[in-house]
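Undergrad: I have a structure here, written as structure tokens, and I will follow up with some questions on it.
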Amino acid sequence: MWVLILFCVAINLDVLFAAFAYGMKGIRLSASNILTIIVIDCTMLAISLLVGGLLYSVVAEKIMTIVGAVVLIALGVYNITMSIIKWKVKEDDKTSIFVDVTNADKDKNKILSLKETVLLAVVLGMDALMSGFAYGFGLTYSLIALVIMCVLLGISLVVGSTLGMRLHKKSIADLSWIGGIILILIAVWRLIGI
């Protein structure tokens, strides 16, 4: 059960830091923004858990465990790499949303439209999509993971945005690489358990 909770925390660290980055730039996430992100990201996770679970029931467990671990390691390495890129890349309005999620606010009016919120939700949900597929919990654990994920997602968005708004304009290091490390550790733990 602790791996399930750690899994959900790792996925939500990116969301926490993204919401924090929005707050730091003076972009407030409204209740409708937060609800939209929760619905889209949890739907993406539900689909990926379902597909992953179905594959786990059809393909040999050891093969799916190895494939899932490789995907988690790749996602962890990707998260760490993106953190390094964010650290190296200077502020640039042309920077991709994949490097700086605050670029979803295309018109720079400090308010996210529905279109901008959906774009942000999809980008943030990619971790959940890939991780859910890679982990492929059984039905009972999938439902628990989905509930934990949705609750942590809401908490991460509210806490991250609120803290960011309070520390608006201060320079704070990007710590999103921590989620990548956790995903790699979960993958290694799964491989050791084969």
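Undergrad: Under the condition of being touching a residue at least 24 places away in the same chain (Cβ under 8 Å) and of a type in the set (Phe, Trp, Tyr), which residue from region 1-24 is nearest to residue 116 (Cα to Cα)?
TA: 22
Undergrad: Which residue out of 161, 171 is of a type in the set (S, T, N, Q) and either at pLDDT 80 or above or surrounded by 14 or more Cβ atoms within 10 Å (Cβ to Cβ) (or both)? Steps first, please.
TA: On the way: 171 fails: either at pLDDT 80 or above or surrounded by 14 or more Cβ atoms within 10 Å (Cβ to Cβ) (or both).
After applying the criteria, what remains is 161.
Undergrad: Scan region 21-44 residue by residue and report those that are among the small types (Gly, Ala, Ser) and either assigned to a helix (DSSP H, G or I) or surrounded by 14 or more Cβ atoms within 10 Å (Cβ to Cβ) (or both).
TA: If the condition is that a residue be among the small types (Gly, Ala, Ser) and either assigned to a helix (DSSP H, G or I) or surrounded by 14 or more Cβ atoms within 10 Å (Cβ to Cβ) (or both), then 21, 23, 31, 32 are the ones that fit.
Undergrad: In addition: Six or more apart or on different chains, Cβ atoms under 9 Å: show the pairs whose first residue is in region 53-73 and farther than 18 Å from residue 141 by Cβ and in contact (Cβ under 8 Å) with a residue 40 or more places away in the chain and whose second is of a type in the set (D, E, K, R) and surrounded by fewer than 17 Cβ atoms within 10 Å (Cβ to Cβ).
TA: Close Cβ pairs (under 9 Å, with a partner that is of a type in the set (D, E, K, R) and surrounded by fewer than 17 Cβ atoms within 10 Å (Cβ to Cβ)) do not exist here.
The values are calculated or read from the model by the stated rules, or taken from the named source; none is laboratory data. Everything quoted here is computed from the prediction, not taken from an experiment. When we count neighbours, we look across all protein chains shown, and the Cβ atoms used for this are built from the backbone with ideal geometry, even at glycine.
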